[in-house]
Amino acid sequence: MGVQRKNSPLISSKKKSPTLEELFSLDSRSNGFVSNLSSPINGRQSKTNSEYDEILSSISYCSFVFTFADSSESPSRQDLKRVKLTKLLSFIKYPNKSLNDEVLSSLMSMLSVNLFRPLPPPSNPSIISYLPDDEELISAPLPVWPHLQIVYDILLRLAINLDPNLLCNYIDHSFIINLLSLFQSEDPRERESLKNVFHSIYSRFTFYRSFMRKAMNDVFLYYIFVTERHYGIGELLEIWGSIINGFTVPLKEEHKVFLMRVLIPLHKTRGMQVYHRQLSYCVNQFVQKEPMLGGVVVRGILRYWPCD
């Protein structure tokens, strides 16, 4: 009742998933887990089967998703999951960490099970956030954040430390779209963690950059012309500010189109004041790179200003 078992990833076709009682017993016997595994390990050294078994058992336990809304959920088991997540983070926090296919596959499955969940409906659907101060009024802190924070930290470490050509088997287009959908989270802490992860993937997975730009643009356009409601526009614009800063001169036509068809229309939405600082930075980056675009920007903004 307290945990969801059906989403737990398959660890090994030859092994039966351990019971909770066995996991508790294993945890009490393995206090040296972090000290044995958290130091940098030369790629030529091999792990013993028992060490990998401990890692896999921790991953399996962390694949149980607690809702924090069910009174039957045991706080001690919730705390144990947080401890195990912290141990996993300690294990993978060093660059060039050697992970075999079984561990990496199970680890990515565990991250997906925890991250990609239906977001709750807005805590106050009748209120649209117009001003930055309003965000605190309508934002609902996630009760699962003590777990999610560590899950995001693990994903960030993997994105930074591992070879993108290895991770691309797990971080694919579908994974990126699922990450992008989480920017709708009301919790600003989750959006901040998402921003760091998403930008790290963009920086290191160069073969995904065009796809990621288009996916973000689709979010902007849907926000501008359909919903005018999205919690993560400011964070997405911060990512774009870094991307624009790296553009070479002369600017590609694709990037100028983004300025005219996405950034300028973003000035017309009713919630523009929430992300005005990030939007101004993006537009200024374009004008600094090609001053002739200043006229295009002014004429474009005047079409939408003042707005009701």
_Some residue of the range 262-273 being at pLDDT 95 or above, basic (Lys, Arg) and part of a helix (DSSP H, G or I)_ = no
_Residues (polar (S, T, N, Q), over 28 Å from residue 150 (Cβ atoms) and modelled with pLDDT of 95 or more) located in the range 207-244_ = 210, 217
_Residues to consider are 182, 158, 162; find the one that is closer than 27 Å to residue 247 by Cβ and touching a residue at least 60 places away in the same chain (Cβ under 8 Å)._
182
*With respect to residue 221, is the statement that it is buried (at least 19 other Cβ atoms within 10 Å of the Cβ) and on the phi < 0 side of the Ramachandran plot true?*
no
*asked:* Quick check on the range 92-109. Is at least one of its residues closer than 30 Å to residue 231 by Cα, surrounded by 16 or more Cβ atoms within 10 Å (Cβ to Cβ), at pLDDT 95 or above and touching a Pro at 6+ places or on another chain (Cβ under 7 Å)?
replied: yes
*Taking the range 278-308, which residues are of a type outside the set (A, V, I, L, M) and loosely packed, with under 13 Cβ neighbours inside 10 Å?*
291, 295, 299, 303, 305, 306, 307, 308
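The values are calculated or read from the model by the stated rules, or taken from the named source; none is laboratory data. Quick caveat, the model's predicted, so the values are computed rather than measured. Here Cβ is always computed from backbone atoms with ideal geometry, including for glycine, and neighbour counts include all displayed protein chains.
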